[in-house]
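The values are calculated or read from the model by the stated rules, or taken from the named source; none is laboratory data. As the structure is a prediction and not an experimental result, all values here were calculated from the model. Note: ideal-geometry Cβ built from the backbone for every residue, glycine included; neighbour counts use all protein chains shown. The accessibility values were calculated without ligands, DNA or RNA, using every heavy atom of the protein model including side chains. Shrake-Rupley method; radii C 1.70, N 1.55, O 1.52, S 1.80 Å.
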Amino acid sequence: ANKLQMGLFNEFVGHDDLWGKELDKPTFHVYNIKVNSKDIKVIGDKQNTLRIELDNYTIMFFKMTEQSINKFGIKFGEIVDDKTKKREVLYNNQDLSIDVIGTLDINVYENKYTHRITRTNQIIVDDFEIKVIENSFEDLI
């Protein structure tokens, strides 16, 4: 997989005063990210956000349509909570290769009970491409 240098997060995040009228916030292309569909989390009240947690950073997909989520080998089943209308999440257990284009961010979260602060490097996805990895004959031997 394409290696994303972790130092880039500190270089490009926190300088929002630089990006604006004449200079767009830089985007990065990270390719050949190998994941299994069951390792992708569906989150949010509307179940339209995807999160992929990798070793050194997290990839965030916001405001996804159900059709786009289906491309990740994820489908929705029956309603499991009548109040929130959340539905069961069903995974196809597919191996995927994902290419993303997005901006870098650092999410800062404070646990309201322990007051522990967690910083997570994130890619906020603008565009993506998914390929299902088919098992080759050599993989079966």
Checklist entry - Bin by bin, in steps of 10 Å, what percent of the Cα pairs in the range 36-91 do you find, going until the bin that has the longest distance? => result 23, 56, 19, 2
Next on the checklist: Only sites in a loop by DSSP and with at most 16 other Cβ atoms within 10 Å count here; which chymotrypsin sites (Phe, Trp or Tyr not before Pro) in the range 30-73 make the cut?
Outcome noted: Phe62
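Taking 2.2 N^0.38 Å as the expected size of a compact globular protein, what ratio does the Cα radius of gyration of the range 14-137 give against it, to two decimals? Don't skip to the end; give the middle numbers.
Numbers: Rg = 16.6 Å, N = 124, 2.2 N^0.38 = 13.7 Å.
Cα-based Rg divided by the globular estimate yields 1.21.
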Checklist entry - Based on the alpha carbon coordinates of the range 1-43, what radius of gyration and maximum Cα-Cα distance (Dmax) apply, in Å? => result 14.6, 41
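Report the rotationally averaged projected area of the range 79-138 based on its alpha-carbon convex hull, in square nanometres. Working shown, then result.
Numbers: hull surface 32.0 nm².
Orientation-averaged projected area of the Cα hull: 8.0 nm².
Heavy atoms only, probe 1.4 Å: what % of the accessible area of the range 21-141 goes to carbon and sulfur, would you let me know?
Numbers: 3940 of 8480 Å².
For the range 21-141, the apolar C and S fraction of the accessible surface comes to 46 percent.
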Checklist entry - Can you give the helix-only mean residue ellipticity at 222 nm for the chain, where every DSSP H stretch with n ≥ 4 adds -39500 (n - 2.57) and the sum goes over all residues, rounded to the nearest 500 deg cm²/dmol? => result -2000 deg cm²/dmol
Checklist entry - Which order, highest average first, do 80-89, 32-41, 109-118 follow once you tally other Cβ atoms within 10 Å for each residue and take the mean per peptide? => result 32-41, 80-89, 109-118
